[in-house]
Amino acid sequence: MLVREAGQRRQMQAKCTGEDCLYLQWQRIIMQAKSLTGFQRLSFVNREINRTSYIIDPQNWNKDDYWETPYEFFVYSGDCEDFAITKYLTLKAAGVPEEAMRIVILQDLNLNEVHSVLAVSLDGENYILDNQFPQVMTDRAIHHYQPIYSINEHHWWRHTPN
């Protein structure tokens, strides 16, 4: 996905003209996020990205699982990991260190489904940015999620039940 994203970013920049340019729309979100700090930045990005519709991969891509780039996400909408990826790359571009962020693949115990969120470490707290919730919450406030593994661009972590 990251290789596709880099290529798509170059293509989008090269042919980007006018207000309907997805690259410019994403850059506006990034620039506004850069003007904010801390929790306000997380909340803004969560809210802006959550405006996108949810659509499952089989319906969108005719595949069981497909990890979208932000450009694909803004054009076609996406499912939970696509929201998490787009939030991760948006916050990274807005100045949040990648080592402070992880995409977490987890079991939603209420729905008995696998789900993905973005976890961001900020000021000693772990915050969860989730397409199912409009507000950003601490990981301690969510009791029905059981992490399976988490990833960022350089590492992955396997979680074990408590």
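For Arg51 and Gln146 in one chain, what is 0.36 nm times their gap in residues minus the Cα-Cα distance, to one decimal in nm? Before the final figure, lay out the partial values.
On the way: separation 95, 0.36 × 95 = 34.20 nm, distance 2.55 nm.
Full-extension gain reported as 31.6 nm.
Is the shape of region 76-162 best called rounded, prolate or oblate, per the rule: a/c under 1.5 gives rounded, else a/b larger than b/c gives prolate, else oblate, with a ≥ b ≥ c the square roots of the Cα gyration tensor eigenvalues?
On the way: a/c = 1.42, a/b = 1.24, b/c = 1.15.
Rounded is the answer for region 76-162, as its axis ratio a/c remains below 1.5.
Using modelled amide H (1.01 Å from N, peptide plane; none on Pro or chain starts), what sits under 5 Å from the amide H of Tyr149, excluding residues fewer than 5 places away?
Close amide H contacts, sequence-distant or interchain: Ile105, His159.
Residue separation times 0.36 nm, minus the C-alpha to C-alpha distance between Asn112 and Tyr76: what's the value?
Length difference between fully extended and current span is 10.4 nm.
Filter the trypsin sites (Lys or Arg not before Pro) in region 50-140 to those in DSSP coil with at most 14 other Cβ atoms within 10 Å of their Cβ, and list the result. Don't skip to the answer; put the middle values down first.
Values: sites: Arg51, Lys63, Lys87, Lys92, Arg102, Arg140; in loops: Arg51, Lys63.
Answer by residue number: Arg51, Lys63.
Rounded to the nearest 20 Debye, what is the dipole magnitude of region 41-130 about its Cα centre when Lys and Arg each give +1 and Asp and Glu each give -1 at the C-beta? Could you put the intermediate results ahead of the total?
Values: 7 positive and 16 negative charges, 72 e Å.
In debye, rounded to 20, region 41-130 gives about 340.
Using only helices, what value at 222 nm comes out for the chain when you add -39,500 (n - 2.57) per DSSP H run of length 4 or more and divide by the total residues, to the nearest 500 deg cm²/dmol?
Details: 6 runs with 64 residues, N = 162.
Result for the chain, helices only: -12000 deg cm²/dmol.
For the chain, can you list the cysteines whose C-beta has no other cysteine C-beta under 4.7 Å from it?
Singleton cysteines: Cys80.
Please report Trp26, Trp67 as a ranked list, fewest other C-beta atoms within 10 angstrom at the top and most at the bottom.
Numbers: Trp26 22, Trp67 19.
Ordered from fewest to most neighbouring Cβ atoms within 10 Å, Trp26, Trp67 come out as Trp67, Trp26.
Label Gln27 and Ser121 with points 7 Å out from Cα along Cα→Cβ: what is the distance between them in nm?
3.3
Between region 22-62 and region 77-104, how many Å separate their Cα centres?
9
Can you name the helices of the chain, as whole DSSP H runs, whose Cα span along the helix axis is 15 Å or more and whose Kyte-Doolittle mean is not below 0.0? List each step's numbers first, then the result.
Numbers: long enough: 2-14 (18 Å, -1.11); 22-34 (18 Å, -0.06); 38-49 (17 Å, -0.22); 80-93 (20 Å, 0.25).
Flagged H segments are 80-93.
How big is the C-alpha Rg of region 20-76 next to the rule-of-thumb value 2.2 N^0.38 Å, as a ratio?
Rounded to two decimals, the normalised Rg is 1.31.
Note down the nm distance, to one decimal, between modelled labels 7 Å out along Cα→Cβ at Ser35 and at Gln132.
Each label point lies 7 Å from its Cα, and together they span 3.4 nm.
Rounding to the nearest 20 debye, state how big the charge dipole of region 2-158 is about its Cα centre with +1 on each Lys and Arg Cβ and -1 on each Asp and Glu Cβ.
With only Lys, Arg, Asp and Glu charged at Cβ, the dipole is about 520 debye.
Could you check which residue among Ile105, Ile55, Ile30 shows the biggest mean-square fluctuation in a GNM of the chain with a 10 Å Cα cutoff?
Looking only at Ile105, Ile55, Ile30, the biggest GNM fluctuation is shown by Ile55.
Just the C-alpha atoms of region 2-158: what Rg/Rh do they give, with Rh taken as the Kirkwood radius? Write out the running numbers ahead of the final one.
On the way: Rg = 15.2 Å, Rh = 16.0 Å.
Answer for region 2-158: 0.95.
Are there GluC sites (Glu not before Pro) in region 1-84 that DSSP puts in a loop and that have at most 10 other Cβ atoms within 10 Å, and which ones?
Details: sites: Glu5, Glu19, Glu48, Glu68, Glu72, Glu81; in loops: Glu19, Glu68.
Sites meeting the loop and neighbour criteria: Glu19.
Give me the percent relative contact order of the chain, please, defined on Cα pairs under 8 angstrom at least 6 residues apart. Before the final figure, lay out the partial values.
Numbers: 245 pairs, mean separation 30.3, N = 162.
About 19 percent, as a whole number.
Read-outs: derived from the displayed coordinates by stated rules, not from any lab. None of the values given here were measured: they were computed from a predicted structure. Every residue, glycine as well, gets a Cβ built from its backbone with ideal geometry; the counts of neighbours run over all protein chains shown.
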